[in-house]
Amino acid sequence: MKKLLVMGLILLSNTAFAEHYDIKMLNHGSDGGMVFEPAVLKAKVGDTVTFKPTNKGHWVQSRVVPEGAEKFLSEEDKEFTLTLTHEGVYVYLCPPHRMMNMAGLIQVGAALNKEKAEKMVLELDKRAMDNKGRLVKYFEQIQ
Ligand SMILES: [Cu+2]
């Protein structure tokens with residue numbers, strides 16, 4: 001009984017420490033046009049992230065997810081909440097603005113899939129017409 005109570009308290013405290021983050025989808029931000037803000041997020045397993053359709057015409061799709069995590073695709077102009085279930089790096093983008101390098105990164109705990117994420121980052125950045133180099137610069141913050 002005592003053991004159960006302790007386990008319950010541990011579970012409760014883990015839930016209590018889960019953080020929630022918002023990422024805005026913007027036509028203009030501090031990093032330029034067609035941008036997620038913040039575009040690089042460091043979080044831990046159990047945290048949640050809501051993509052906010054602050055400006056119209058955006059949505060979000062995963063391109064790389066941590067091993068074991070689910071891929072995602074949101075709907076245009078709809079708020080979308082993601083629970084960070086696995087350790088590793090997410091690379092995501094806004095499908096209609098991928099040519100403008102509208103993409104971002106979430107690191108959950110350790111960057112276990114860093115190589116895979118880097119490969120995608122380089123590919124996306126290479127194909128982008130506008131804001132070239134922005135995603136590669138974001139990736140420098142992934143450790
Ligand atoms: Cu967009």
Selection from the range 97-119 of residues that are under 18 Å from Lys71 (Cβ atoms) and surrounded by fewer than 20 Cβ atoms within 10 Å (Cβ to Cβ): Arg98, Leu112, Lys116, Lys119
Can you name every residue in the range 19-42 that is among the polar types (S, T, N, Q) and surrounded by 14 or more Cβ atoms within 10 Å (Cβ to Cβ)? Asn27
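Would it be correct to say that Val35 is closer than 18 Å to Val121 by Cβ, touching a Leu at 6+ places or on another chain (Cβ under 9 Å) and touching a residue at least 12 places away in the same chain (Cβ under 8 Å)?
For Val35, the condition - closer than 18 Å to Val121 by Cβ, touching a Leu at 6+ places or on another chain (Cβ under 9 Å) and touching a residue at least 12 places away in the same chain (Cβ under 8 Å) - is met.
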Just give me the residues in the range 45-81 being more than 15 Å from the ligand (Cβ to nearest atom), within 22 Å of Asn27 (Cβ to Cβ) and crowded, with 18+ Cβ neighbours inside 10 Å, in sequence order. Val49
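All of the numbers you see were taken from the coordinates with simple rules; none came from a lab. All of these numbers come straight from a predicted model, not from anything done at the bench. Positions of Cβ are backbone-derived with ideal geometry, glycine not excepted, and every protein chain shown enters the neighbour counts.
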